[in-house]
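I'd like to ask some things about the structure below.
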Amino acid sequence: MLPLPASIQTHDGAFTLRSTTGLGGDRRFTAASRWLRGVLQASTGFDLDARIDLRTDSIAFIQDDAVPAGGYRLSVEDDGVRITASDASGAFSGAVTLTQLLPAAVNRQGLVDGIEWRIPATTIDDAPRFGWRGVMLDVARHFLPKADVLRFIDVAARHKLNVLHFHLTDDQGWRVQIDAYPRLTEVGAWRSESAHGAARQAPGDGRPHGGFYTKDDLREIVAYAAARCVTVVPEINAPGHARAVIAAYPELGVSDVPQEPDEPSVWTRWGINEAILDMGQHTVDFFRTVFDEVMEIFPSEYIGIGGDEAKKGRWAASPSTQSLMVERGIGTVEELQAWFVSQLDAHLSAAGRRAFGWDEILEGGLASGATVASWRGEFGAVAAARSGHDVVACPDDRVYLDYRESELPGEPIPVGPPLTVAEVYALEPVPAELTEAEATHVIGVQANIWTEHIDSARVIDYMAYPRLCALAEVAWVGRERHFAGFETRLEEHLARLDVLGVEYRRATGPLPWQERPDAEGRPSTREQRAALVAELTKDIRA
Ligand code: ACM
């Protein structure tokens, strides 16, 4: 099983699914029972009616407050299966575990003949280490069609991941329909071409790229995720990574300083650029409206505001920005970003939500309610937790799944240092220097999938799996983990991924069609990356 349950006892005997078997139970666990019915019905062909009498020949979901949050007890006996949980998420995780006790073919989406659907008698008591077990998906650099997003969520949920951090806007594209500002998707969702590969002088590929999700698409994604107990946390990135929004509404950009010849336009290069939002009141008002529409689509308590890698040179050089700072009594450009973050934070808080941003939002003083995604090593996690902010650990050198997987020359468009399955597995999300009280602020862990060089679901599969399996186990299991045992279970688990049609990376490296000899990468070493991160974070460490 993967992730490994906390306690497994096996017994003699087994329960065998039949056409007469019932499935149902507590109405609070409808998501879990519906999902399980869908999975079982497709492959077994059994109708699994929602009978009232669930004592025998049935799979029953039962509510019990004694089960820890997010956890479950799964009890398989000769006459039936009981999944007991205190909350919907725990019931769903119990259902996932049940599918892992069945042959891998149970995951097929069409009728499978000739299999006895036997579940060995077992008692499992299980609960997750973290409440936030996430994966970030960047759909801004490359748009991912909705059907692929749904499939990505389904496979993630089968690993008991429960948060999709949905990176919806960046320099290279704006992907969410906003009624008040139609140009965001009319203009901001499209770029004329993309840089081909990761080299500094990478040529343009000459192919336009774009796409966006309508509000109905996004509501469907949210509902599909909710049916798998996955929360979609949307992210709208500001005040940097804003070329697409400025292309749509140029008045939102700082413009009283020299501009690049191609500005304003949706960016066609990768990396970080100098464009930044103007900090006038009109920008704050604009983003309040955007976030109002975003909150209307996404029920998530956490709403992403970005905040990373905002180059502040134009703020420093801009006469209008400088006079705004004087007017507001703001001394530094870092404090100006903090001011903007606090405006968004206050707006989200007033609506009963919480701002969620990259660890740069710690610079210049962080608004009280905000939660931090700590990506530049673990420095942000330490700084955030010590100052009483909740934090999600996603240190780049352990969980950036766009980084190359090995030193093999055939790794597709290699960027960053090598990051192996074993290295992901070795991540301890809670920095050692935190006290026990500070450590309670580390609410979870997530992997991040940046898609500059990942242009399709097939490439996502290659980069994500099996490293995301390792991350899922880091998020679920306690500190005590054993890689050798994980590797053995992973072998079995890959058979499930095969059945699901996931094109994971083979341990031997890329298959010929997974290589990209046409596109140059920009790999670095661990030491080079660590030195860069140390330089980038010197302010929050000081
Ligand atoms: C990031 O990698 N810029 C959060």
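The values are calculated or read from the model by the stated rules, or taken from the named source; none is laboratory data. Computed from a predicted model, the values in this text were never measured in an experiment. FYI the Cβ positions are ideal-geometry reconstructions off the backbone, even for glycines, and counts take in every protein chain you see. We work out accessible area using only protein heavy atoms, side chains counted, and drop any ligands, DNA or RNA first. Shrake-Rupley method; radii C 1.70, N 1.55, O 1.52, S 1.80 Å.
How large is the helix-only mean residue ellipticity at 222 nm for the chain, computed as the sum of -39500 (n - 2.57) over DSSP H runs with n ≥ 4, divided by its residue count, in deg cm²/dmol to the nearest 500? Intermediate results must be reported in sequence, preceding the final value.
Working: 19 runs with 185 residues, N = 542.
So the calculated ellipticity at 222 nm is -10000 deg cm²/dmol.
So, in Å, what gap is there between the alpha-carbon centers of region 1-48 and region 258-323?
Cα centroid of region 1-48 versus Cα centroid of region 258-323: 47 Å apart.
Expressed as a whole number of Å, what is the distance separating the alpha-carbon centroids of region 129-198 and region 212-238?
First find each Cα centre; the distance between them is then 9 Å.
For ILE236, list long-range residues whose amide hydrogen, built 1.01 Å from N in the peptide plane, is under 5 Å from its own amide hydrogen.
Under 5 Å from the amide H of ILE236: GLY304, ILE305, GLY306.
Right, something else. Count the lysine pairs in the chain that are 8 or more places apart or on different chains: how many have C-alpha atoms under 30 angstrom apart?
Working: LYS146/LYS160; LYS146/LYS215; LYS160/LYS215; LYS311/LYS538; LYS312/LYS538.
Close lysine pairs under the 30 Å cut-off: 5.
Pull out a ≥ b ≥ c, the square roots of the eigenvalues of the alpha-carbon gyration tensor of region 124-170, then state rounded if a/c is under 1.5, prolate if not and a/b is larger than b/c, and oblate in the remaining case.
Values: a/c = 5.18, a/b = 1.98, b/c = 2.62.
Oblate, because a/c is 1.5 or more while a/b does not exceed b/c.
Just the Cα atoms of region 2-82, one point each, no solvent: what log10 I(q)/I(0) does Debye give at q = 0.14, 0.20, 0.21 Å⁻¹?
-0.50, -1.02, -1.11
Also: Once you order the gyration tensor axes a ≥ b ≥ c over the Cα atoms, which shape class does region 400-450 get: rounded for a/c under 1.5, otherwise prolate or oblate by comparing a/b with b/c? Write down the numbers at each step before the final one.
Numbers: a/c = 3.98, a/b = 2.71, b/c = 1.47.
Since a/c reaches 1.5 and a/b is larger than b/c, the shape of region 400-450 is classed as prolate.
If you don't mind, another one. Give a residue-ordered list of calculated ³J(HN,Hα) values for region 67-78 (Karplus: 6.51 cos²θ - 1.76 cosθ + 1.60, θ = phi - 60°; whole Hz; x for Gly, Pro).
With the stated coefficients, region 67-78 comes to 6, x, 3, x, x, 7, 10, 10, 10, 10, 10, 4 Hz.
Starting at the first residue of region 105-121, write each ³J(HN,Hα) from the Karplus equation 6.51 cos²θ - 1.76 cosθ + 1.60 with θ = phi - 60°, in whole Hz, x for Gly and Pro.
Computed from phi, the couplings for region 105-121 are 4, 4, 7, 5, 9, x, 4, 10, 8, x, 10, 8, 8, 9, 10, x, 4 Hz.
Less than 10 Å Cβ to Cβ from GLN337, Lys/Arg counted +1 and Asp/Glu -1: what total charge do the surrounding residues give? Please report the intermediate quantities before stating the final value.
Values: positive: LYS312; negative: GLU334, GLU335, GLU360, GLU363.
Around GLN337, the surrounding residues sum to -3.
Accessible area per residue for the chain in Å², computed with a 1.4 Å probe and the full protein assembly in place, what is it?
Details: 20660 Å² over 542 residues.
Heavy-atom accessible area per residue stands at 38 Å².
What's the local net charge at THR321, with K and R +1, D and E -1, over the other residues with C-beta under 9 Å away?
Working: positive: ARG314; negative: ASP256, ASP278.
Charge balance near THR321 sits at -1.
Turning to a different aspect of this structure: Per-residue HN-Hα couplings for region 378-393, Karplus 6.51 cos²θ - 1.76 cosθ + 1.60 at θ = phi - 60°, whole Hz, x for Gly and Pro?
10, 4, x, 5, 5, 4, 5, 5, 5, 9, x, 9, 5, 8, 10, 7
With a cut-off of 8 Å between alpha carbons and a minimum separation of six or more residues, what is the relative contact order of region 312-443 in percent?
Values: 183 pairs, mean separation 21.8, N = 132.
Reported relative contact order: 17 percent.
Mind pulling the angle between the C-alpha long axis of helix 483-500 and the longest principal axis of the chain? Nearest 10 degrees, somewhere in 0 to 90.
90 degrees
Leaving out ligands, DNA and RNA, and with a 1.4 Å probe, what % of the accessible surface on the chain is carbon or sulfur? Intermediate results must be reported in sequence, preceding the final value.
Details: 10790 of 20660 Å².
That fraction is 52 percent.
How far is helix 30-44 tilted, in degrees, relative to the longest principal axis of the Cα atoms in the chain, given as a value from 0 to 90 rounded to the nearest 10?
It works out to around 60 degrees.
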